[in-house]
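Just below is one structure, and these are the notes that go with it.
The values are calculated or read from the model by the stated rules, or taken from the named source; none is laboratory data. Fair warning: this is a prediction, and the values are worked out from it, not measured in the lab. Note that we place each Cβ from the backbone using ideal geometry, even for glycine, and neighbour counts take in every protein chain shown. Areas reflect the complete protein model, heavy atoms only, side chains present, ligands, DNA and RNA absent. Shrake-Rupley method; radii C 1.70, N 1.55, O 1.52, S 1.80 Å.
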Amino acid sequence: MSDASPTAPDAPGPDPAAPAGGQAMWGGRFQARPDALMQAINVSIGFDRRLAGEDLAGSRAHAAMLRKQGVITSEDEAAIQGGLDQVAAELASGAFPFREEFEDIHMNVEARLRELIGPAAGRLHTARSRNDQVALDFRLWVREACDRTGTQIQALMRALLARAEPHAATLMPGFTHLQPAQPVTFGHHLMAYLEMFGRDAGRFADARRRMNESPLGAAALAGSPFPIDRQATASALGFDAPMANSLDAVSARDFALEALAAGSICAIHLSRLAEEIVIWMTPQFGFVRLTDAFTTGSSIMPQKRNPDAAELVRAKAGRLLGAFTQLAVVMKGLPLAYSKDMQEDKLPVFEAFDALELSLAAMAGMVGDLEPDVERMAAAAGAGFSTATDLADWLVRQLGMAFRDAHHVTGAAVRRAEALGCDLAGLPLAELQALEPRVTADVYGVLTPQASAASRMSYGGTAPEQVRAQVARWKEILR
Ligand code: ARG
């Protein structure tokens, strides 16, 4: 950014690429250059340079359409396309000059084009405004971001699947209130996240479908008097159709909000898995180990192995939610059509997707890296009287007791086991019969965590057989 203090000298001297009058591109009616502060608050090239590729794609499609419609000559179009090739080469090599005096990416590209090919460059902006140009560029960028994110989510899902399959029968405690509840399998637990991420991918795909209409040709806000072909530019840029209302086309940003909403929900899911990894990594739980690849040490405590990557994934959800709020507040209450407020739409979206993509990659890495401690998990699966529900269910099924009565008897059994310092499976039969005389030795068949998990055969339940069925289903989907 240039020096924005009020005492700074006026903006840079006349630039050769600017139209007559030494003014900015829009400066025909202006007599003086903007105040340095005006430039400082107006400039967006520092962040919208990320739209350079999209801007070129839009300009190519627009120029080709103008020529086909007879609005510009073939010579002018050839000059423009050749110049855009050079701009693309400069962007690729890093030689492209991004200049603050040209405010944003659109005028930077056009100014450079003018330097490279001369006056023909001035015909590119026929029947176009920066309003539909930026709406197009941003939409293309968000569409691409949704596609990238979708691919990354799938990679994470494959990583989860690869972990879940061999652990379809690995016991661990299932929790409610983070208190031991009922035994589940590690594979089942991981597959729960697979379901969440599957819905996240679906949300991005839905958002993409809705956003896939082209705003190009809406011009400033009202459409164009030139015989443009909006269908042609739309299909050249991979859109399903042109947007049907020019006012909506230049002022809609719900596509970005929707992408941020999908991103926020995905980041929330990532943060939940991250939190579980943090908990599982504690010596108190000791359920999983992460290798040196995804942990860090402490500068003072030599024994430490910290799950920093998981903690940072957990925290980065804040960026996504913040970005959604930021853009929602920018858009709230804006009248139609374009307002400069909307220039503030890009930064939160760029930053949000940077954070999300990094989080997804780091999580896929951690899932691939983490190694469960199968014995410790199995031991924990049986702790905390986790098969109490199985005892109550046995009383209902075998003795025809009402569930409420069975619940009561089981509660008494837990109290007795606690007093004797054993688990439910360790309670002598006489103890159980003292509570309910009809209990037989058969009951011990349901009191182990294995039996408990294996019995939960209802669709979507934790029985290894059910987990394997879901693994197979997802394998097919992700193939
Ligand atoms: N840099 C602007 C933006 O990001 C481009 C559109 C400017 N349009 C205008 N009428 N000033 O929104």
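General remarks:
- Which listed residue, of 304, 332, is modelled with pLDDT under 95 and among the basic types (Lys, Arg): 304
- Residue among 169, 201, 181 that alone is at pLDDT below 95, open to solvent by 20 Å² or more (accessible area, probe 1.4 Å) and away from the ligand (no atom under 16 Å from the Cβ): 181
- Taking every residue in region 35-46 that is in contact (Cβ under 8 Å) with a residue 60 or more places away in the chain and over 15 Å from residue 341 (Cβ atoms) and pairing it with any residue that is open to solvent by less than 80 Å² (accessible area, probe 1.4 Å) and near the ligand (Cβ under 9 Å from one of its atoms), at least 6 positions away or on another chain, the pairs with Cβ-Cβ distances below 7 Å are 43/103; 45/103; 45/104; 45/105.
- If the condition is being touching an Asp or Glu at 6+ places or on another chain (Cβ under 9 Å), within 16 Å of the ligand (Cβ to nearest atom) and of a type in the set (A, V, I, L, M), then region 213-245 contributes 216, 218, 219, 220, 221.
- Qualifying positions in region 399-434 - acidic (Asp, Glu), open to solvent by 60 Å² or more (accessible area, probe 1.4 Å) and touching a helix residue (DSSP H, G or I) at 6+ places or on another chain (Cβ under 7 Å): 423
- Boolean, residue 87 is of a type outside the set (D, E, K, R), without any contact (Cβ under 8 Å) to a residue 40 or more places away in the chain and more than 16 Å from the ligand (Cβ to nearest atom): yes
- With respect to (1) more than 30 Å from residue 289 (Cα to Cα); (2) outside any helix (DSSP H, G or I); (3) more than 16 Å from the ligand (Cβ to nearest atom), the lone exception for residue 414 is condition (2).
- Verdict on residue 85 being touching a Pro at 6+ places or on another chain (Cβ under 9 Å) and open to solvent by 10 Å² or more (accessible area, probe 1.4 Å): no
- Segments classed as helices (runs of 4 or more DSSP H), wholly inside region 193-288, with at least 3 members that are in contact with a helix residue (DSSP H, G or I) (Cβ under 7 Å, 6 or more places away or on another chain): 230-236, 254-281
- Candidates 396, 439 - the one that is assigned to a loop (DSSP other than H, G, I, E, B), aliphatic (A, V, I, L, M) and open to solvent by less than 60 Å² (accessible area, probe 1.4 Å): 439
- Residue match in region 335-342 (condition: touching a Lys or Arg at 6+ places or on another chain (Cβ under 8 Å) and open to solvent by 50 Å² or more (accessible area, probe 1.4 Å)): no
- Within region 204-220, the set of residues being open to solvent by less than 60 Å² (accessible area, probe 1.4 Å) and on the phi < 0 side of the Ramachandran plot comprises 204, 205, 207, 211, 212, 214, 215, 216, 218, 220.
- Of all the listed residues (346, 316), the sole one being basic (Lys, Arg) and either in a loop (DSSP other than H, G, I, E, B) or open to solvent by 10 Å² or more (accessible area, probe 1.4 Å) (or both) is 316.
- Any hit, region 351-359, residues being out of contact with any Pro (no Cβ under 9 Å at 6 or more places or on another chain) and within 16 Å of the ligand (Cβ to nearest atom): yes
- Residue 67 within 12 Å of the ligand (Cβ to nearest atom) and open to solvent by 60 Å² or more (accessible area, probe 1.4 Å): no
- Tabulated pairs, region 120-136, first in contact (Cβ under 8 Å) with a residue 24 or more places away in the chain and open to solvent by less than 20 Å² (accessible area, probe 1.4 Å), second away from the ligand (no atom under 16 Å from the Cβ) and in a loop (DSSP other than H, G, I, E, B), C-beta under 6 angstrom, 6+ apart or interchain: 127/226; 127/228
- Among the residues making up region 88-128, those that are under 22 Å from residue 61 (Cβ atoms) and among the basic types (Lys, Arg) are 112, 114, 123, 128.
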